Each structure stands twice: as C-alpha cells, then as structure tokens.
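K.L.:
This is the structure I want to talk about, given as structure tokens.
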Amino acid sequence: MKRHTRLIAAAAALAGAALVTTACASPPAAPGASGTSAPKAEAPAEGRVAVAYENGIAVLDPQTLEVVGEVATEAFTRLNPFGDGRHIAVTTSQGFQLLDTAAPELTDLVFGATTPGHVVIHHGRTVLFDDGTGTTTIVDTDAIEPGATELPETETYAADAAHHGVSIVLEDGTLLTTVGDETGRTGAVALHAHDDHWDEAASSDACPGIHGEGTAADEVAVFGCENGALLYKDGGFVKLTAPDEYGRMGNAYVSETSPIVVGDYKSDPDAEGYLLGAVTLIDTAAETLEVVELPDDVRFTYRDVARGPEDLAYILATDGAIHVLDPATGELVDAFDVIDPWEGPAEWQDPHPSIKVAGDIAYVTEPSSNAVHAIDLTTGETVASVELDAAPNELAVALG
C-alpha cells in the first residue's frame, strides 16, 4: 500500500506528543469487543498503532503515524490490544491471531476459536472469549516473548452453552463471565478456580441481553443490560435499573481511577441505524445510574467514546468534533474540530470514524479521506496525520 504522511504541527509540538503518548490502552467496547479503560498516565512511545482495512493491516508509528509495515489478512478483521504493549489480537476465521507490532508481522501464534469475540485486559491477565463455544481462555498478559513460536500455558473455562459473551479475571482470581445460550443472554456468574473445576461464588439473572464489560475504581466491574447495568462489587452482584422500560447500555467506557462509568444508551429497541444520542453515567460507589441526553449535533456509535486525561470522556461526534464530557457533572465542557462531518454506518462493521486514546493522545480514523490522525487532547491540536490508500476500519493501540 502506498501511503503519505504529513506532519501537522511543528517539530516541537510533535516532540511534546512523544512525551505524552505513553499509556497502556485497553480495547474499546464494541460488538465483539469489551469495555475500555482509560490510560493510566505515561508509557513509553515504542509501541505502535494498528489499523485494519479491507484485506490488510497497517502498523503506524504512534508519533508520526508513518506506516512502518503492512500485512495481508482476510477481508474483515477485528483488532484488540493484547495488553503487553507489543501484540494485537487479530480476530480471524482461525481464532485470535497475534500481530507483533514491533516486528511488524502477523505471527503464526493463534489462540483457536470458532467465533472469536471479546478480548479483556485486566490486572496482568488477558481473557479471550469464543462466542462459538462459550469458552473463556485466560493467559498471562506478559507471557508472549518476542519471537515466540509456541503459545504459552493457558487456563480455560467452558460455559454451559455458546453465546456472545465476555469474561474478566479480577485481582484475586475471581472469574466473572456472562451466562446465555442460543436464545439469549441473561446475566453473569462469579467463579473461583479449584483444581480441575470452578466453584460458583455469586450469580445474577437480572441482566437481559448482557453485553460489554468495564472495571472502574476499586475494581468494581460493570456489565451492560437491556434494562440498565449490572455491577460486581464486594463479592456480589448489584443491579441498576434504567429509567426506561428498554434502556440498553451495551458498552462501558471506564477509568480504573474513577468510580464513574460512562456507557452508551439506547431507549428505542426499534430505532434504525447505529447512531446514539445519549450516555449513561453510572456511579459505582453510590450505585446510581443517570441518563444524559446529548445535543442534537452530538451523535456517535460504539467506536466513538473513550476515556482520557483527567478521567474525562471524549466523544467523536458526527459533526466531526471531539466533545469533552465531564462524567462527574454530565456536562460537555469543551469541543474541538478534528475531521469532516460524517454519517452513521449502514452496518456496524462498515468503516466509520473511531477514537482510541493513549495518554494525552487520541488516535482518530477518518474513512472518508482514508486518513488517521493523532490529536493532543490537552490542546485540541492535530499533531500528525497519515493518508492511506484504503479506508481505515478497525483501530487498536499497542502501547506499554
């Protein structure tokens, strides 16, 4: 693929970006992907950005956005950080295949899955969920050595039935995983490992359509439901009910230093398209759920929300601007233009703008111009851009 890189700001500004492009970023929530955690502060700049397009993936330098390598893939692939600051889990027909962004190359390491779905990174564990079998695979996040030719040891849990699910392992080893079957998803269960089996510690069936996951301050986990949200805290589940009969939160955008979860929100089950105009604010400490309606020009999809500096939420809206939401107040406190206005996708997997944040830098795709941009969230300035020869679709950041 031919490509062109153009530096937007002066060298001094770019040098500043190098200092702040430093945090380990967790994957964004989406169909087949889990909730996202805000970057923790500063991390080294040697990690890279991966962008999927039809039949390929481009690996970009995180500071200049120069294309440092490309690999051929299947027509459509999903991208999720593996969590080690080097590898990306690429969902293919074979399972979760590892992309080494440092090489860069698509390795032969594949965690087998019939229908690879969510990837969750938390407290040194990377957890992979196979929707086709209901199998959870748990692996130490730092277990993949550079140049490895064999997969590391893993631990697995098989659900009673296959479903589109998600799992997370907490610091104390508790496995939280969704419950469902071919007819639907109902809730979650907390499990403890004992030799060759898992013991149930707690469960809840009060979360119809359970989807997405995130972990807030004090390691409170949250799942989205079609009628609110489900928390796991202090060893048990807590249901938070939406104000509408149908009030779906499907994706959680979290920071591990904030008790407030920002979630997307949909109150009309028959609404067409994928654009949303409201968010939920879930206070995991106070155990409250509030719905905030956004202005008419602030519409977004599951790809367009991320947590960033000062635990704020950053919404890439259809007007082309990043709108800054203060989760503590529910107020929009700032906005800056970054791309041209855009329309929602016909199908969820179609290329449309997305945002991922690492440190103070937001990476933004603009499929209409085949572009990827790096935005300094502390100033609103675009510090680098690259123009590809194909429309960028999936986006993942491997910084560690």
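The values are calculated or read from the model by the stated rules, or taken from the named source; none is laboratory data. Worth saying up front: this structure is predicted, and the values here are computed from it rather than measured. Virtual Cβ from ideal backbone geometry, glycine too; neighbours counted across all protein chains shown.
K.L.:
Would a scan of the range 53-60 turn up a residue that is surrounded by 19 or more Cβ atoms within 10 Å (Cβ to Cβ) and at pLDDT below 95?
P.N.:
no
K.L.:
Another question, then. Which of the following residues is charged (D, E, K, R), out of contact with any Pro (no Cβ under 9 Å at 6 or more places or on another chain), within 22 Å of G112 (Cα to Cα) and not in a strand (DSSP E or B): E245, E171, E153?
P.N.:
Selected residue: E153, the only one of E245, E171, E153 that is charged (D, E, K, R), out of contact with any Pro (no Cβ under 9 Å at 6 or more places or on another chain), within 22 Å of G112 (Cα to Cα) and not in a strand (DSSP E or B).
K.L.:
Also, quick follow-up: Of the numbered conditions (1) touching a His at 6+ places or on another chain (Cβ under 9 Å); (2) modelled with pLDDT of 95 or more; (3) not in a loop (DSSP other than H, G, I, E, B), G228 satisfies every one except a single condition; which is it?
P.N.:
Failed condition: (1).
K.L.:
May I pose another question? Listed residues G250, G236, G212; which is at pLDDT below 95 and in contact with a strand residue (DSSP E or B) (Cβ under 6 Å, 6 or more places away or on another chain)? Let's see the steps before the verdict.
P.N.:
Details: G250 fails: at pLDDT below 95; G236 fails: at pLDDT below 95.
Exactly one residue qualifies, and that residue is G212.
K.L.:
Hey, another quick one. Would you say T133 is crowded, with 20+ Cβ neighbours inside 10 Å and among the hydroxyl-bearing types (S, T, Y)?
P.N.:
No: the conditions fail for T133.
K.L.:
Hey, could you check the range 228-263 for residues that are among the aromatic types (F, W, Y) and surrounded by 24 or more Cβ atoms within 10 Å (Cβ to Cβ) and say which is nearest to E213 (Cα to Cα)?
P.N.:
So, considering only residues that are among the aromatic types (F, W, Y) and surrounded by 24 or more Cβ atoms within 10 Å (Cβ to Cβ), the one nearest to E213 (Cα to Cα) is Y253.
K.L.:
Continuing with the same structure: Cβ-Cβ under 6 Å, sequence separation 6+ or interchain: first residue in the range 96-110 and surrounded by 17 or more Cβ atoms within 10 Å (Cβ to Cβ), partner of a type in the set (S, T, Y) and assigned to a strand (DSSP E or B). Which pairs?
P.N.:
Qualifying pairs under 6 Å: L98/T107; D100/T107.
K.L.:
Also: Taking G165 as the residue in question, decide whether it is assigned to a loop (DSSP other than H, G, I, E, B) and touching a residue at least 24 places away in the same chain (Cβ under 8 Å). Please lay out each step first, then the result.
P.N.:
Numbers: assigned to a loop (DSSP other than H, G, I, E, B): yes; touching a residue at least 24 places away in the same chain (Cβ under 8 Å): yes.
Yes, satisfied.
K.L.:
Here is a further query. Can you report the number of residues in the range 335-360 which are under 19 Å from N80 (Cβ atoms) and part of a strand (DSSP E or B)?
P.N.:
4
K.L.:
Give me the strands (runs of 3 or more DSSP E) completely within the range 264-309, filtered to those with at least 2 residues that are within 17 Å of L231 (Cβ to Cβ), ordered by residue number.
P.N.:
On the way: elements: 278-283, 288-293, 305-307.
Of the strands (runs of 3 or more DSSP E) lying wholly inside the range 264-309, those with at least 2 residues that are within 17 Å of L231 (Cβ to Cβ) span 278-283, 288-293.
K.L.:
For V324, are the conditions met, namely being free of Cβ contacts under 8 Å to residues at least 60 places away in the same chain, part of a strand (DSSP E or B) and of a type outside the set (D, E)?
P.N.:
yes
K.L.:
I'd like the full set of residues that are in a loop (DSSP other than H, G, I, E, B) and touching a Lys or Arg at 6+ places or on another chain (Cβ under 7 Å), limited to the range 361-370.
P.N.:
Answer for the range 361-370, where residues must be in a loop (DSSP other than H, G, I, E, B) and touching a Lys or Arg at 6+ places or on another chain (Cβ under 7 Å): there is none.
K.L.:
Would you confirm, using the coordinates I've provided, whether T174 is touching a residue at least 24 places away in the same chain (Cβ under 8 Å) and either over 17 Å from the mean Cα position of the chain (by Cα) or loosely packed, with under 14 Cβ neighbours inside 10 Å (or both)?
P.N.:
Answer is yes for this residue.
K.L.:
May I pose another question? Quick one: which residue in E331, E343 is of a type in the set (D, E, K, R) and touching a residue at least 12 places away in the same chain (Cβ under 8 Å)?
P.N.:
E343
Here's the yes/no breakdown for (1) among the hydrophobic types (A, V, I, L, M, F, W, C); (2) within 15 Å of V372 (Cβ to Cβ):
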residue	(1), (2)
G56	no, yes
E70	no, yes
P81	no, no
G85	no, no
F96	yes, no
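K.L.:
Follow-up. Among the residues that make up the range 371-379, is at least one of them assigned to a loop (DSSP other than H, G, I, E, B), surrounded by 17 or more Cβ atoms within 10 Å (Cβ to Cβ) and β-branched (V, I, T)?
P.N.:
Within the range 371-379, the subset assigned to a loop (DSSP other than H, G, I, E, B) is 377-379.
Checking which are surrounded by 17 or more Cβ atoms within 10 Å (Cβ to Cβ) leaves us with 377.
From what is left, the residues that are β-branched (V, I, T) are none.
Taking every residue of the range 371-379 in turn, none turns out to be assigned to a loop (DSSP other than H, G, I, E, B), surrounded by 17 or more Cβ atoms within 10 Å (Cβ to Cβ) and β-branched (V, I, T).
K.L.:
Given the structure, is L332 over 21 Å from N55 (Cα atoms), modelled with pLDDT of 95 or more and in contact with a helix residue (DSSP H, G or I) (Cβ under 7 Å, 6 or more places away or on another chain)?
P.N.:
Answer is no for this residue.
K.L.:
On the given criteria, is P295 farther than 15 Å from I355 by Cβ and loosely packed, with under 14 Cβ neighbours inside 10 Å?
P.N.:
The answer is yes for P295.
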